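Trainee: The structure's right below; bear with me while I get my questions together.
Every number here is computed from the coordinates shown, using simple stated rules; none is lab data. Keep in mind that what you see is a predicted model, and the values were worked out from it rather than measured. Cβ: placed from backbone, ideal geometry, glycine included. Neighbour counts: every protein chain shown.
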Amino acid sequence: MFTGNVSKEVLARSVIAVPPLARSADESLSVEENRRLVAYLESGGIRNILYGGNAILYHVRISEYAALLEMLAELAGADTWMIPSVGPAYGVMMDQAEALRDFPFPTAMVLPQRDVATSAGVATAIRRFCDRIGRPAIAYLKFQEYLDVADVRRLVADGCVAAIKYAVVRDDPHDDPYLAELLQHVPAEMVVSGIGEQPAVAHMTRFGLVGFTSGCVCVAPRLSMRMLRALREGDVAEAERIRATFRALEDLRNAISPVRVLHRAVSLAGIAETGPIIPLLSELTAEQEGRVREAAAALLEEEHGQEKAPRGEH
């Protein structure tokens with residue numbers, strides 16, 4: 001497992017996969033199915049893997065958190081960067097910090113809390129968490145009101161933030177005054193686009209973000225990595241072409257539920273059996289599952305075409 005410092009080179013080397021967490025029928029962690037998924041991602045070139053919202057770590061039991069960390073460390077290849085998440089409740093975050101102190105993860109992401117929180121209070125919580133684990137955290141900006149730019153700037157200046165996952169949804173990702181203001185105070189090389197392939201083109205070309213996270217990369221890692229390379233090489237037309245192949249599954253995630261759709265799509269595509277989805281979430285209906293199966297199969301077919309294409313003809 002990668003245990004070095006988080007740098008712009010590490011952030012940029014790979015799409016940051018945000019996979020579901022596979023569970024057995026009794027809802028315990030499934031080591032073997034999670035191993036299958038991690039191996040599939042690594043075989044497609046992924047080296048950065050973040051367990052957060054798609055893994056439903058919002059609802060993980062404190063009693064199983066140390067076992068989760070042990071599993072992630074064991075599943076990672078020698079150069080794979082595993083990123084666990086903590087929170088979003090302050091008490092949960094601080095209890096999880098105790099477990100994290102025993103593992104060499106370079107950082108952990110703080111899940112955002114929308115209610116019962118203020119920007120100053122969130123900043124204090126992140127500082128205390130980082131002090132407790134002795135390492136910086138990843139800040140997850142999912143709502144504009146979650147952290148003021150001034151608070152983010154101070155956290156970065158004080159070495160409390162290793163990277164920022166930017167995931168504020170806009171009708172037009174090219175028009176984002178909050179992101180523009182943020183980048184006046186924080187280097188773009190430490191900020192990744194955090195909403196999958198769809199806004200990544202705008203975020204990387206318009207704002208210069210260093211990379212992007214993805215859930216659908218769990219179905220098509222080679223395609224997603226090709227899109228990242230295209231953006232890095234300035235081939236926007238190719239990036240847009242690839243982005244379109246992800247749209248059907250992403251549209252279902254947006255229409256139904258990002259987490260629930262991805263959780264089932266990975267199983268329906270035959271990549272890994274993700275098992276039951278834990279409460280407070282619920283399973284898809286049969287009709288929804290049929291649509292997800294169709295979209296996942298189409299994306300997987302595109303991925304297989306990527307595997308067969310000769311080098312240089314992707």
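Trainee: How much of the DSSP bridge set in the chain is antiparallel, in percent, rounded to the nearest 5?
Mentor: On the way: 1 of 22 bridges.
If we restrict to bridges inside the chain, about 5 percent are antiparallel.
Trainee: Using only the alpha carbon atoms of the chain, find the Kirkwood hydrodynamic radius as the inverse mean reciprocal pair distance, in angstroms to one decimal.
Mentor: Values: mean 1/r = 0.0512 Å⁻¹.
Its Kirkwood hydrodynamic radius stands at 19.5 Å.
Trainee: Classify the stretch 1-109 as rounded, prolate or oblate from the Cα gyration tensor: take a ≥ b ≥ c as the square roots of its eigenvalues, call it rounded if a/c is under 1.5, otherwise prolate when a/b beats b/c and oblate if not.
Mentor: Working: a/c = 1.77, a/b = 1.19, b/c = 1.49.
Because a/c hits 1.5 or more and a/b fails to exceed b/c, the stretch 1-109 counts as oblate.
Trainee: On to the next question. Which order do peptides 102-115, 33-46, 212-225 fall in by mean Cβ count within 10 Å, highest first? Mind dumping the intermediate values first?
Mentor: Numbers: 102-115: 17.7, 33-46: 20.1, 212-225: 27.4.
Descending packing order for the listed peptides: 212-225, 33-46, 102-115.
Trainee: Hey, another quick one. Based on DSSP H runs of at least 4 residues, each adding -39500 (n - 2.57), what is the mean residue ellipticity at 222 nm of the chain after dividing by all its residues, to the nearest 500 deg cm²/dmol?
Mentor: Values: 12 runs with 146 residues, N = 314.
Helices in the chain give a 222 nm mean residue ellipticity of -14500 deg cm²/dmol.
Trainee: Here is a follow-up. For a bin width of 5 Å, list the pair-distance distribution of the stretch 249-301 built from all Cα-Cα distances, rounded to whole %.
Mentor: For the stretch 249-301, the binned pair fractions read 4, 23, 35, 26, 10, 2, 0 percent.
Trainee: Label THR205 and ARG170 with points 7 Å out from Cα along Cα→Cβ: what is the distance between them in nm?
Mentor: 1.5 nm
Trainee: Beyond 14 Å, what share of the Cα-Cα pairs of the stretch 11-71 is found? Please give it as a whole percent. Could the numbers behind the result be given before it?
Mentor: Working: 1073 of 1830 pairs.
Every Cα pair in the stretch 11-71 considered, those over 14 Å come to 59 percent.
Trainee: How far is it, in nm, from the label point at SER7 to the one at ARG232 when both lie 7 Å from their Cα along the line to the Cβ?
Mentor: 1.4 nm
Trainee: Are there trypsin sites (Lys or Arg not before Pro) in the stretch 161-209 that DSSP marks as loop and that have at most 16 other Cβ atoms within 10 Å, and which are they? List each step's numbers first, then the result.
Mentor: Numbers: sites: LYS165, ARG170, ARG206; in loops: ARG170.
Listed in order of number, the matching sites are ARG170.
Trainee: Related question: Given the peptides 177-186, 142-151, arrange them by the average over their residues of other C-beta atoms within 10 Å, most packed first.
Mentor: Working: 177-186: 15.5, 142-151: 17.6.
Packing proxy ranking, top to bottom: 142-151, 177-186.
Trainee: Go through the stretch 187-292 and name the GluC sites (Glu not before Pro) that are in a DSSP coil and have 15 or fewer other Cβ atoms within 10 Å of their Cβ. Don't skip to the end; give the middle numbers.
Mentor: Values: sites: GLU189, GLU197, GLU233, GLU238, GLU240, GLU250, GLU273, GLU283, GLU287, GLU289; in loops: GLU233, GLU273, GLU283.
Filter output for the stretch 187-292: GLU233, GLU283.
Trainee: Right, next: Give a quick list of trypsin sites (Lys or Arg not before Pro) in the stretch 229-314 that DSSP marks as loop, anything other than H, G, I, E or B, with at most 12 other Cβ atoms within 10 Å.
Mentor: Values: sites: ARG229, ARG232, ARG241, ARG243, ARG247, ARG253, ARG260, ARG264, ARG291, ARG293, LYS308, ARG311; in loops: ARG311.
Answer in residue order: ARG311.
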